[in-house]
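Participant: A single structure is presented below for examination.
What follows is calculated from the coordinates using simple rules that are stated; it is not laboratory data. This structure is a prediction, so every number in the text was calculated from the model and none was measured. Because the Cβ atoms are built from the backbone with ideal geometry, glycine has one as well, and the counts that use them run over all protein chains shown.
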Amino acid sequence: MILSVRNSVRTVAAVAALGAALAGCGGGTGAPQGSGQARMGSPGASAAPGTPASPSGASPSGAAVSPQPGAPGKAPTLAPGPNGLTPVFERARRRTDKVVALTFDADMTSDQGPRAASGERFDNPGLISTLRGLQVPSTVFMTGRWAEEYPDQAKSIGTDRNFEIANHSYSHHAFKSPCYGLPTLDEEGARADVEQAFEAFRAAGAVNTVPYFRFPGGCYDDRALRALAAAKVTAVQWDVVSGDAFAKDPDAVAEEVLAGVKPGSVVVMHCTRSAAPVTEEAVRKIVPELRKRGYRFVKVSELMGT
C-alpha cells in the first residue's frame, strides 16, 4: 500500500511538472489534458485500413520500390471509432510479453524561429546517437517546424530503420482548448496543420514516416478527433509519463519510467535539448535496466501491429 501511494504521488508530480513546462514554453508535450472521454478503438489490436509495413525499399513481393519521402508508409492502424472519429491508441493492453515503446516528441512551435536563430537548441543529436548506439527502435513524434529547422537531422532519422517518424502537428498549437496556454486551431486549421507537417517531412527527405499523430499537449476532444479524421491517422497517446520536461535529475526521470512501465506500455519523452536536457542520460539508465528485467524495445508500429 505504501508503495502504491508513493507511485501515485510520483505520477501526479510528474503530470504537474509537465503541465508547468507547457505553460512556460509551449514547446513540450504533457500528460493528456481533458482527453479521457473520447478514446476509441481497441488498443493493441491491428485493424483496417493499415497493414504491417514492409522493410524500407522492398515491396511485399520482394521487388524494389522507391518510397515516397514524407508520405505516411503502410503501418498498422486502428479502425475508426464511432461516427468515423479518429481512433486513439494509448497502450497495447493485451500484450503479456515484455515489450515497450519509447517515444520522443521533437517539439518546436511555429513561432520559435527567433529563439532557434539566437542559439536555443530544440534538437538533441546526442540522444539520437545514444538510441542508435544502444540499438533501441524508437518512434519520434516530430513537428513540421522542427523538421524545417533541422532538415538534415529529420532526413537522417527518417531514413534510419531504427526509427519511424510520426506526426506531432506542424505548429505545436492546440487542437482543443484549454491546453496549457497553447494557441488553439479551429477544425480547418487543424486539418491543414497535420498535412503541412507531412509536407515538411517530404521536403526534408524523410522516408520512414507512419500514419500516427500525437496531439500537442496530449489535449483532444471529439471535435479534435473529427477534425483529424480526414488525415486517416491513428492518434497515439501514452500510459507512462517520463517527467523529463525541464527535469534536472536524470535518476528521477529514469525512476519514473521504470516504476510505470508494464507490458505493452508507451512512454512519452522528448527530443528537445533546451526543454528536456537530461533525457539522454536518463535513457542510458532506463534501457539497460529494462533489458535486465526482460523487456524488448519496439516502435509503436510493432506494438500496435499485434
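Participant: Count the net charge of all other residues whose Cβ sits under 11 Å from the Cβ of Phe141, scoring Lys and Arg as +1 and Asp and Glu as -1. All intermediate terms of the calculation are to be shown ahead of the outcome.
Facilitator: Numbers: positive: Arg214; negative: Asp105, Asp107, Glu164.
Within the 11 Å Cβ shell, the charges total -2.
Participant: Provide the packing ranking of 174-187, 242-255, i.e. peptides ordered by the mean count of other C-beta atoms within 10 Å per residue, highest first.
Facilitator: Those peptides, ordered most packed to least, come out 242-255, 174-187.
Participant: OK, next. Around Arg214, under 12 Å between beta carbons, what's the net of Lys plus Arg minus Asp minus Glu among the other residues?
Facilitator: -3
Participant: Considering Cα pairs under 8 angstrom that are at least six residues apart, work out the relative contact order of segment 109-267 and quote it in whole percent.
Facilitator: 21 percent
Participant: Using a 10 Å cut-off on Cβ atoms, rank the peptides 118-128, 156-166 from the highest mean neighbour count down.
Facilitator: Answer by packing, highest mean first, reads 156-166, 118-128.
Participant: Too long at a 26 Å Cα-Cα cut-off: which of Lys155/Lys248; Lys176/Lys232; Lys155/Lys262; Lys155/Lys299; Lys262/Lys292?
Facilitator: Details: Lys155/Lys248 30 Å; Lys176/Lys232 19 Å; Lys155/Lys262 32 Å; Lys155/Lys299 18 Å; Lys262/Lys292 14 Å.
Too far apart for the 26 Å limit: Lys155/Lys248; Lys155/Lys262.
Participant: Can you give me the distance in nm between label points at Lys285 and Arg223, each placed 7 Å from the Cα along the Cα-to-Cβ direction?
Facilitator: Label at Lys285, label at Arg223, 4.1 nm between them.
Participant: Would you mind computing, in nm to one decimal, how far apart the modelled labels at Lys98 and Ala117 are, each placed 7 Å from Cα along Cα→Cβ?
Facilitator: That separation, rounded to one decimal, is 5.1 nm.
Participant: Related question: Can you put His173, His168 in order of Cβ neighbours within 10 angstrom, beginning with the fewest? The partial results should precede the final answer.
Facilitator: Numbers: His173 21, His168 29.
In increasing order of surrounding Cβ atoms, one gets His173, His168.
Participant: Count charges around Leu182 for me, please; just the other residues with Cβ under 15 Å from its Cβ, Lys/Arg as +1, Asp/Glu as -1. Walk me through the intermediate numbers first.
Facilitator: Details: positive: Arg145, Lys176, Arg214; negative: Asp105, Asp107, Asp111, Asp186, Asp193, Asp221.
Summing Lys/Arg as +1 and Asp/Glu as -1 gives -3.
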